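The values are calculated or read from the model by the stated rules, or taken from the named source; none is laboratory data. Please read these numbers as outputs of a predicted model, since none were measured by experiment. For neighbour counting, all protein chains shown are included, and Cβ atoms are generated from backbone atoms with ideal geometry for every residue, glycine included. These area figures cover heavy atoms from the full protein model, side chains too; ligands, DNA and RNA do not enter into them. Shrake-Rupley method; radii C 1.70, N 1.55, O 1.52, S 1.80 Å.
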Amino acid sequence: MSHIDRRSFMKRTGGGIAALSLAELALAAPPQTDTPIRIGMIGVGRQGRAILAELQKLDAATVTHICDSDERRLNAGVRRAPEAKPIADYRALLDNGAIDAVVIATPTHLHRAIAIDAIAAGKHAYCEAPLAGTIEDCKAITEAARGAQSVFQVGLQARSNPVYQLARTFFLSDSVRDLVCLRAQRHRKTTWRTPGGSPEREKRLNWRLDPEVSIGLAGEWGTHQFDVFHWYLDRYPVRVRGGGGVRLHRDGRTIHDTIACDLEFADGAILQYQATLANSYDGRYEVLYGSNAAIKLGWSHGWMFKEADAPTQGWEVYANRQQFHNDEGITLIADATQLASQGKLKEGVGLPQPSLYYGLEDFVRSIIEGSPPTCPADEGMRASVIGILTNQAILEGRTLEVDESLLKGH
Amino acid sequence: MGTRFEVVVGGDDEVHLRTAAEAALDEIALWDERLSLFRRDSLLSHINRSAANQPVRLDPDTFALFAACRQVSLASQGAFDPTVAPLMTRFGLHPDRSDSIAEPLIGMQHVILDDSARSIQFTSTEVALDLGGIAKGHALDLAAACLRESNVSTALVHGGTSSIITIGSPPGCDGWPIRIAHIDEPFTVELRDAAMSISSPTGRMLDTEGESHGHIIDPRHGAPSRSASLAATIGPSARDADAWSTALLVLGTLPTALPAELTAMVFSGDRRLIDGPLVSTLLRMSDTPPMEPEPCLTSTVAPS
């Protein structure tokens, strides 16, 4: 349990878990405006197209331009958003005064130049995570965002995810009690390859398998999950170590398809992380183990598993439960009050929208309402630095100390 | 879509083929996420929750899917109708859903598709959509497009063996041999650059109020369909084949409005041909099992 946050949180809420009524947990209404935010999409690969689909649900935003240096991807983007004007060069998009904001969904190693140029052009920017492919690039983007008048949000979606926000409220309110250890994984059986057509395009599209620019599974996937713990604990690992290898996809690649690593915090708590492209069992999750309960987060779902000797709280009588082999999990439901009043609590299991939607909704809300972004550049930088260092520790096969100066801006 | 999808691709470059097959399966998984009635965060659930209150904007592919729903519903005089969702829930075909609409409005006239705004809206909160009769075909069409984009020239993709799309043919064959069973005289169809859909109420049986019935509900009468035992459609689009095989099973006959590009057959309760061509250039009668193609690669996915 976060030694800093629990006390201050308890003070704010006036007590422990009993002070948490279901009424506090409603989903926020989507942002509203008479003049929708005009968005330029930069990068319309798979993630960019998923972003397009979610932006379409937001009345307060309209995608007016799409940009991709790859002609086939640009055409695929146009097919999905025919009203948007296609542009091959992102600089032309940034020069356009009729665009309020950009969403950057290019390969990670290309973020730096685009993000810095977007900030300089006065555009609000949502930049996919990890923030960049090197520590230096992460810091350069953070430096550019510092003091800028425009909104800069990093796509570490957990911070906008209502289930994760709700679970964090429980975590900070003492229901987990003393933190014991942490675990996370992402398992997916996939080659991580994209068909390219020509050797040149194949190499360009498969940047995640290119040792020159890739930050591997720890950087590309781990960053998103490590950030959950940074956000919950309000602290960062002090040392990282791990190993990995190519366990299945022996197609000439050198980027590991399977990794396991330990991220150690100053109090001795260890986050064990495992990621593989060779097996899909149990997918993706993060778990925080405490002396009173464990909280398991599965992106669209969250559960709390209480210890037998943990105090019983009144709200539990309303709770929905799910059985996991020998354990019973209390489902964490984000808009429980409204659903409970309608007798539909069970239908509230899982998010009403994909997690990505909430990150974009928060971005648009920040632009319209002037509220701080859920994940500003410096938070994105710190999570990305941890991901990059973990990848480095795995590649070098040694323990790396996380120098505090690395987590600060220039 | 609650079923297993499989891709078989042929060629020389296994790394490329696996990558291409994976992209096709990713496309299917994407549409499963978007069109599932059982995922709270799917686009379809979003539409079912929101479209009675305000129009929901759609991307061109999704709008084309709903436009196809409207077209087949109109041509089949309501035998195919995605507004059947509340009836499906009532007949226990949505076991994970506890919500119910007491007096549902059935019929695509309650669904407003605005072609210029590319949006969908319901006329009432008593409307809900289930795309079970067309989603697999839609996903297969787009998966096949992915494979073609990756220059794959030999492929078969199927969802639950009842919806199939093919590209080219396996080495040494004129087409992909597909056997249609569970009828009086089973036969083999050879598909080449074509799609096929089979609908049968016996694919999944349920007991309601002591009576056993299949999983196809006749939207016109609000009751399980008993007109036919099997309907098969073959045509260029898996989406259209899928929707029409459902419609034909409910109709029990081939309507004059059946699109000319579709070859279709309907079989009776005693498994005999009611309507449709016995053999066309696409069909080859056979008492023997079809040849098993030798795939260079098989990939699978089973979206839940």
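With contacts taken as Cα pairs under 8 Å and at least 6 residues apart, the stretch B:39-122 reaches a relative contact order of 41 percent.
Note: the stretch A:277-350, Cα convex hull, 108 Å³ per residue. Rg over Rh for the stretch A:37-157 works out to 0.94, using Cα positions for both radii and the Kirkwood form for Rh.
Cα-Cα pairs above 50 Å in the protein assembly as shown: how many percent? Every Cα pair in the protein assembly as shown considered, those over 50 Å come to 16 percent. Buried accessible area between B and A (1.4 Å probe, both chains summed, ligands and nucleic acids excluded), in Å² to the nearest 100? Answer for the B-A pair: about 2500 Å² buried. Counting only whole DSSP H helices of chain A, the ones at least 24 Å long by C-alpha along their axis and with mean Kyte-Doolittle hydropathy no lower than 0.0 are A:377-396. Remark on the stretch B:1-87: hydrodynamic radius 15.5 angstrom, per the Kirkwood mean of 1/r across alpha carbon pairs. Among rounded, prolate and oblate, which fits the stretch A:99-169 when a ≥ b ≥ c are the square roots of the eigenvalues of its C-alpha gyration tensor, a/c under 1.5 means rounded, and a/b larger than b/c means prolate? Note, shape of the stretch A:99-169 comes out prolate. Share of pairwise Cα-Cα distances greater than 14 Å in the stretch B:39-122 is 66 percent (whole percent).
A straight Cα-to-Cα reach below 28 Å connects residue A:85 with the lysines A:57, A:123, A:203, residues fewer than 8 places away in its own chain not being considered. Compute the distance in nm between two label points, each set 7 Å from the Cα along the Cα-to-Cβ direction, one at residue B:114 and one at residue B:13. Computed distance between label sites residue B:114 and residue B:13 equals 4.6 nm. Surface composition of the stretch B:123-162: carbon and sulfur atoms hold 50% of the protein heavy-atom accessible area at a 1.4 Å probe. Overall form of the stretch A:221-268: prolate. Here a/c, set by the Cα gyration tensor axes a ≥ b ≥ c, is 1.5 or more, and a/b is the larger of a/b and b/c. Its Cα gyration tensor gives chain A an equivalent ellipsoid. The semi-axes, each the square root of 5 times an eigenvalue, are 34, 27, 20 Å from largest down.
Loop-located trypsin sites (Lys or Arg not before Pro) in the stretch B:1-72 (DSSP state other than H, G, I, E, B) with a sparse environment of at most 13 neighbouring Cβ atoms within 10 Å: B:4. With the convex hull drawn around the C-alpha atoms of the stretch A:308-410, the volume per residue stands at 242 Å³. Ellipsoid fit via the Cα gyration tensor, the stretch A:158-267: semi-axes of 34, 16, 12 Å, each the root of five times an eigenvalue, largest first.
Remark: spin-label model distance residue B:103-residue A:305 equals 4.9 nm, labels positioned 7 Å along the Cα→Cβ axis. Take each residue in B:149-156, count the other chain C-beta atoms within 10 Å of its C-beta, and the mean is 1.
A Förster radius of 60 Å combined with the Cβ-Cβ distance from residue B:260 to residue A:181 puts the calculated FRET efficiency at roughly 0.35.
With a Förster radius of 30 Å applied to the beta-carbon distance between residue B:52 and residue A:317, the computed FRET efficiency rounds to 0.35. Other residues lying with their Cβ under 9 Å from the Cβ of residue B:183 contribute a combined charge of 0, Lys and Arg counting +1, Asp and Glu -1.
Our summary of shape: the Cα atoms of the stretch B:52-208 have principal axis extents of 55, 43, 29 Å, ordered from largest down, in whole angstrom. The value for the stretch A:224-381 of Rg(Cα) / (2.2 N^0.38 Å) is 1.26. Between residue A:46 and residue A:34, the modelled labels are 4.3 nm apart [label points 7 Å from Cα along Cα→Cβ].
Per residue of peptide A:42-51, the mean number of Cβ atoms on other chains within 10 Å of the residue Cβ is 1. Our summary gives the stretch A:36-112 a relative contact order of 41 percent, counting only alpha carbon pairs under 8 angstrom and 6 or more residues apart. Each part reduced to its alpha carbon centroid, the stretch A:252-285 and the stretch B:1-65 end up 28 Å apart. Surface analysis of the protein assembly as shown yields an accessible area of 42 Å² per residue, using protein heavy atoms and a 1.4 Å probe. Cα gyration tensor of the stretch B:124-191, axes a ≥ b ≥ c as square roots of the eigenvalues: rounded (a/c below 1.5), prolate (a/b > b/c) or oblate? It comes out oblate by the Cα gyration axes.
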